[in-house]
Amino acid sequence: MTPRRSSAQDDIALELVDLDRYPIVDLDSGAGAQFLAECQQSMERQGWCNLDGFLRSDALIRLNGEANDLLPTADVLHVKRNIYQGAIDPSLPQDDPRRKEFTHIAVQLADDQIPAETGIKRLYHSDILTDFVRRVQKKAQLYRCADEFQALNVVALRPGSWHAWHYDTTECTVTLLLQAAEKGGEFTFLPNSRNDQNEDRAAVDRLLSGDMSQAQTFSRGAGTFTLFRGGYSLHGVTKVEGAHPRISAILTYDEVPDRVIDDDINVRIYGKRVEKILAGRRADASA
Ligand SMILES: O=C(O)CCC(=O)C(=O)O
Ligand SMILES: [Fe+2]
């Protein structure tokens, strides 16, 4: 009888990730341990870790092709929200910029619209990848977000669109650029602009008023994998310019297992489609 291959050997990360450059398979010895230490230092020093060319070039073509094939089935979302994505701090004055709502328009596939067999879904479900993200973020436990809509998203920003400033509803986010904008479309953020107690309000207000001088931005080519603490770092994407959309995959993680997001937040983000799904479910439950 042929022995069953171990799940590590079946892990899609082994096929898609440029393991020569980014040895995420063995982080406990040699080149892998050194690489992990560098990522952790980058996270600690700067609040982010940027891995250019993380996907092998053939994998990038495949994942971007799949995203482009699926995107015509996606909804065009008009996402209107304040930066906290939920309740605004009522102690803030009415005209405080942090009470402001911003709108961005995105063609967006929610997790439930991305088939299990796609490369991006399989990559997100890779335990090797999740463990790598956990160790870079220095968490004792890290789980893929369990929310049926938010866990993994593919977001296309068309020319003229931006991604409005916000904090993510989960702490650790990875953004994987699948198709770069010709111009603009820069991922921009304030690393660790808040913690559980405080927020750097001066820096936040500056960004919200359009002053980008304190914000971190860096150009990222397609295939770049960026780790940061999205729940604690105010961020967004500048206006996309040129002829084609910018497409990124958003992979979310949480220290708490089985993390799901409140229905009202999901309805605010994903709109009518999700509202219908949730209402249908409530109707079934009360039938
Ligand atoms: O597209 C990106 O790089 C970031 C998008 C983002 O912040 C989000 O979807 O929460
Ligand atoms: Fe985000």
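Observations, loosely collected:
- Radius 12 Å from Cβ of Ser161, net charge of other residues (Lys, Arg +1; Asp, Glu -1): +2
- Estimated distance in nm for a label pair at Asp58 and Met212, the labels positioned 7 Å out from Cα along Cα-to-Cβ: 3.7
- Where a label projected 7 Å from the Cα of Asp75 along Cα→Cβ would reach, residues of the stretch 235-271 with amide N under 20 Å: 248-252, 260-271
- In terms of its C-alpha gyration tensor, the stretch 124-225 comes out oblate, because a/c is 1.5 or above while a/b does not outweigh b/c.
- Separation of alpha-carbon centers, the stretch 79-101 and the stretch 201-243, rounded to whole Å: 19
- Over the chain, relative contact order from alpha-carbon pairs under 8 Å, at least 6 apart, %: 24
- Relative to the Cα centre, the charge distribution of the stretch 47-140, modelled as +1 at Lys and Arg Cβ and -1 at Asp and Glu Cβ, gives a dipole magnitude of about 380 debye.
- Tensor-based shape of the stretch 1-116 (alpha-carbon gyration tensor, a/c under 1.5 rounded, otherwise prolate or oblate): oblate
- Cβ-based exposure ranking for Ser91, Ser248, Ser161, in which fewest neighbours within 10 Å come first: Ser91, Ser161, Ser248
- Taking 19 Å as the cut-off, the amide N atoms of the stretch 213-227 that come nearer than this to a point 7 Å along the Cα-to-beta-carbon line of Arg135 belong to 225-227.
- The stretch between Ile88 and Ser286, if pulled fully straight at 0.36 nm per residue, gains 68.0 nm over its current Cα-Cα span.
- Local electrostatic count at Gln94 - Lys and Arg +1, Asp and Glu -1, tallied over other residues with Cβ under 14 Å: -1
- Tensor-based shape of the stretch 7-286 (alpha-carbon gyration tensor, a/c under 1.5 rounded, otherwise prolate or oblate): rounded
- Helical contribution to [θ] at 222 nm, DSSP H n ≥ 4, -39,500 (n - 2.57), averaged over the chain, rounded to 500: -8500 deg cm²/dmol
- Between Ser29 and Glu241, the distance separating the two model label sites (each 7 Å from Cα on the Cα→Cβ line) works out to 5.1 nm.
- Taken over the chain, lysine pairs spaced eight or more positions apart, or on distinct chains, with alpha carbons under 22 Å apart number 6.
A short reminder: the numbers here are calculations on the coordinates, not readings from a lab. Every value quoted in this text rests on a predicted model; they were computed, and no experiment measured them. Using ideal geometry, Cβ is built from the backbone for each residue, glycine included, and neighbour counts are taken over all protein chains shown.
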